[in-house]
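**Student:** Pasting in a structure now, in structure tokens, and then I'll have a few things to ask.
The values are calculated or read from the model by the stated rules, or taken from the named source; none is laboratory data. Fair warning: this is a prediction, and the values are worked out from it, not measured in the lab. Note: ideal-geometry Cβ built from the backbone for every residue, glycine included; neighbour counts use all protein chains shown. Please note that ligands, DNA and RNA were not included when accessible areas were found on the heavy atoms of the full protein model with its side chains. Shrake-Rupley method; radii C 1.70, N 1.55, O 1.52, S 1.80 Å.
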Amino acid sequence: MSTTPAILTELEQALGPGGVLTGDGIGEKHHVDFSGEHACAPAAVVRPGSTEELSAVMKCCHAAGQGVVVQGGMTGLAGGATPQPGEIAISMERMSGIEEIDTDSMTATVLAATPLQTLQEAAAAAGFLFPLDLGARGSCTIGGNIATNAGGNQVIRFGMMRNLVLGLEAVLADGTVVSSMNRMLKNNAGYDLKQLFIGTEGTLGIVTRAVLRLWPQLPSKTAALCALEGFPEAVALLQALQTRLGGSLSAFEAMWESYLHSVVDNVETVRSPFADRHPMYVLIETEGSDEAADRERVEAALEFALDEGIIVDAAIAHSERERESFWAIRDGIGDITPLLQPMLAFDVSMPIARMPSFLAQVDREFTAGFDAVQNHVFGHIGDNNLHLAVTTGREADMPALCDIVYAATGAHDGSVAAEHGIGTLKRGYLHESRTAEEIELMRLLKAALDPKGILNPNRVLPG
Ligand SMILES: Cc1cc2nc3c(=O)[nH]c(=O)nc-3n(C[C@H](O)[C@H](O)[C@H](O)COP(=O)(O)OP(=O)(O)OC[C@H]3O[C@@H](n4cnc5c(N)ncnc54)[C@H](O)[C@@H]3O)c2cc1C
């Protein structure tokens with residue numbers, strides 16, 4: 001796709017001074033998302049300041065058949081916000097802010113480019129919790145969170161972003177504004193149109209505003225790190241805690257031995273609370289409103305797990321510092337990533353019962369195909385989500401490693417994208433998780449909403 005000066009003139013007229021960046025005026029932040037792959041300067045960056053301006057931009061682009069890529073906080077890991085040659089980037093950065101926090105209906109109405117952390121803090125200041133949380137909270141935007149249906153650390157209790165969105169407004173490829181700003185939990189009046197834009201990675205419309213659910217604040221957090229003999233015990237622990245903690249379990253983070261030991265052996269500031277090494281570890285956390293009572297319940301549940309032989313040891317955090325030190329182990333993937341380059345970070349999901357067979361198949365095929373492969377596994381197994389950090393030390397091995405992991409995922413009824421999306425990087429593997437009929441229906445939806453194929457083209461759907 002090539003960009004003519006005529007469309008740039010039209011866009012400048014629609015947006016006024018500062019609304020269109022070209023040439024050296026385009027910052028490198030617009031060249032690539034957090035995946036770091038295939039960086040490319042966009043033909044121009046347009047920065048609408050309102051839904052009306054964005055609608056005018058899309059009318060121009062639709063008329064000209066001009067391809068666009070939508071950019072939020074650029075923290076995506078699937079290449080979806082990275083421009084492809086000739087595309088104009090639509091940066092949402094000027095559409096940021098919280099319009100309203102409704103304390104009666106416990107909702108927040110926000111503009112799409114509001115950073116997640118800004119919303120979390122505003123909700124907390126009003127006495128509420130916005131429960132989506134992920135490492136990129138300071139930079140990722142609510143629009144990006146909706147477009148990718150973001151997950152994170154508390155899905156087991158509050159669900160993914162889809163579960164937190166009551167209503168939204170979106171601009172379609174031809175500039176039509178669809179306002180579906182529902183504020184009710186129950187609303188079965190016709191199709192639930194917001195679902196078209198949640199998790200579809202900007203391919204069907206551009207999210208401009210949203211109504212989001214808030215929860216009462218839960219001031220008490222109790223964390224514990226458990227040591228286990230293996231995966232069956234981790235599944236038994238999950239069931240025991242869900243039964244005994246009455247829905248207060250907010251995190252259940254499993255870490256296989258190679259992952260945890262790699263973190264504690266390589267990161268000076270992180271240490272294991274256990275004297276011995278174990279095959280498996282689980283970090284659990286509960287959220288509640290009565291610190292003493294919450295802790296007692298966690299202690300009783302872990303005592304039960306010890307007595308039943310489900311866990312072999314456990315350490316409960318006795319201070320906020322200790323709680324943070326447990327999370328530093330789980331978040332240590334960020335610290336060991338530089339040591340594992342070039343590294344592939346897989347984000348797959350599957351039924352929990354199929355995980356052991358999946359991991360065994362992957363290990364078998366890695367060992368058969370490569371001399372020295374490191375595979376560090378951890379994940380939110382209560383959400384069916386596994387992360388694999390894999391390296392052989394050789395860039396040339398990467399495509400074959402991807403083929404092994406994604407084929408095994410498909411063979412185990414899993415998803416090649418648990419929470420990070422398909423973007424550009426996993427388009428070629430969508431068929432491992434979706435039937436031909438499902439992909440055809442996705443193409444029909446895309447053609448109906450974006451007949452010229454100008455909105456985030458060549459993303460999600462296979463070429
Ligand atoms: C350190 C770190 C930790 C992370 N942890 C997690 C995690 O735990 N769970 C998780 O799910 N993800 C995680 N991510 C991935 C990422 O943060 C999420 O995918 C996030 O939702 C992306 O938001 P963004 O605003 O940065 O979107 P971008 O990267 O800008 O865009 C992502 C996709 O959404 C589209 N898009 C952006 N804004 C809009 C909009 N307004 N309307 C329509 N389409 C839009 C883009 O075109 C692109 O396809 C992590 C990333 C990092 C860097």
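**Student:** Compute the separation of the alpha-carbon centres of region 65-130 and region 346-384 and state it in Å as a whole number.
**Tutor:** Here the two parts' Cα centres lie 33 Å apart.
**Student:** Okay, helix-only estimate at 222 nm for the chain: each DSSP H run of n ≥ 4 adds -39500 (n - 2.57), divide by all residues, round to 500 deg cm²/dmol; what do you get? Spell out each step's value before the answer.
**Tutor:** Working: 14 runs with 149 residues, N = 463.
Taken over the chain, the calculation gives -9500 deg cm²/dmol.
**Student:** Along the positive direction of the dipole of the chain (beta-carbon charges: Lys, Arg +1; Asp, Glu -1; about the Cα centre), which of Ala400, Met58, Gly86 reaches farthest?
**Tutor:** Of the listed residues, the answer is Met58.
**Student:** Roughly speaking, what is the stretch gain from Val267 to Ala400, that is 0.36 nm per residue apart minus the C-alpha to C-alpha distance, in nm to one decimal?
**Tutor:** Between Val267 and Ala400, full extension yields an extra 44.9 nm.
**Student:** Please compute, for the alpha-carbon atoms of region 248-353, the extent along each of the three principal axes and give them in descending order in Å.
**Tutor:** So the extents along the principal axes, rounded to whole Å, are 46, 34, 28.
**Student:** Once you have the Cα-Cα distance between Ala124 and Leu441, take 0.36 nm times their residue separation minus that, and quote the gain in nm to one decimal. Before the final figure, lay out each step's value.
**Tutor:** Numbers: separation 317, 0.36 × 317 = 114.12 nm, distance 4.08 nm.
Full extension from Ala124 to Leu441 adds 110.0 nm.
**Student:** Something else now. Points 7 angstrom from Cα along the Cβ direction at Glu99 and Asp331: gap in nanometres?
**Tutor:** Distance between label points: 3.2 nm.
**Student:** Find how much the distance from Asp276 to Ala293 grows on full extension, using 0.36 nm per residue of separation minus their present alpha carbon separation; answer in nm with one decimal.
**Tutor:** 3.1 nm
**Student:** While we're on this one: Which values of log₁₀ I(q)/I(0), to two decimal places, follow from the Debye formula for the chain at q = 0.05, 0.06, 0.09 Å⁻¹ with a uniform point scatterer at every Cα?
**Tutor:** -0.19, -0.28, -0.63
**Student:** Also: I'd like the distance between the alpha-carbon centres of region 140-171 and region 312-340, rounded to an integer number of Å.
**Tutor:** So the separation of the two Cα centres works out to 26 Å.
**Student:** With a 1.4 Å probe and every protein chain kept in, tell me what percent of the accessible surface of region 305-417 is carbon plus sulfur.
**Tutor:** Exposed carbon and sulfur together represent 51 percent of the surface.
**Student:** Quickly work out the Ser220-to-Thr4 label distance, labels modelled 7 Å from Cα along the C-beta direction, and quote it in nm with one decimal.
**Tutor:** 6.8 nm
**Student:** Suppose every K and R has +1 on its Cβ and every D and E has -1 on its Cβ; what is the size of the dipole of region 5-94 about the Cα centre, in Debye to the nearest 20?
**Tutor:** On the way: 4 positive and 10 negative charges, 21 e Å.
In total the dipole reaches around 100 debye.
**Student:** Now, a different point. Given a 1.4 Å probe, how much area per residue of the chain is accessible, in Å²?
**Tutor:** So the chain comes to 42 Å² accessible per residue, rounded to a whole number.
**Student:** Relative contact order, percent, of region 5-94 when contacts are C-alpha pairs under 8 Å separated by at least 6 residues?
**Tutor:** Taking the mean separation of contacting Cα pairs over the length of region 5-94, I get 36 percent.
**Student:** Students often forget the sequence filter, so: which lysines lie under 17 Å Cα-Cα from Lys446 once same-chain residues fewer than 8 apart are removed?
**Tutor:** Correct list for Lys446: Lys194.
**Student:** Give me the aspartates and glutamates in straight-line cross-link reach of Lys29: C-alpha distance below 16 Å, same-chain residues under 8 apart excluded.
**Tutor:** Here the aspartates and glutamates satisfying the reach criterion relative to Lys29 are Glu37, Glu87, Glu93.
**Student:** About its Cα centre, how strong a charge dipole does the chain have in debye, to the nearest 20, once Lys and Arg get +1 and Asp and Glu get -1 at the Cβ?
**Tutor:** For this selection, approximately 1180 debye.
**Student:** Follow-up. Test of understanding: express the Cα radius of gyration of region 341-419 as a ratio to 2.2 N^0.38 Å, with N the residue count.
**Tutor:** Working it through for region 341-419, the quotient is 1.01.
**Student:** Kindly rank 185-191, 368-374 from highest to lowest mean number of other beta carbons found within 10 Å of each residue.
**Tutor:** Put in order of decreasing packing, that is 368-374, 185-191.
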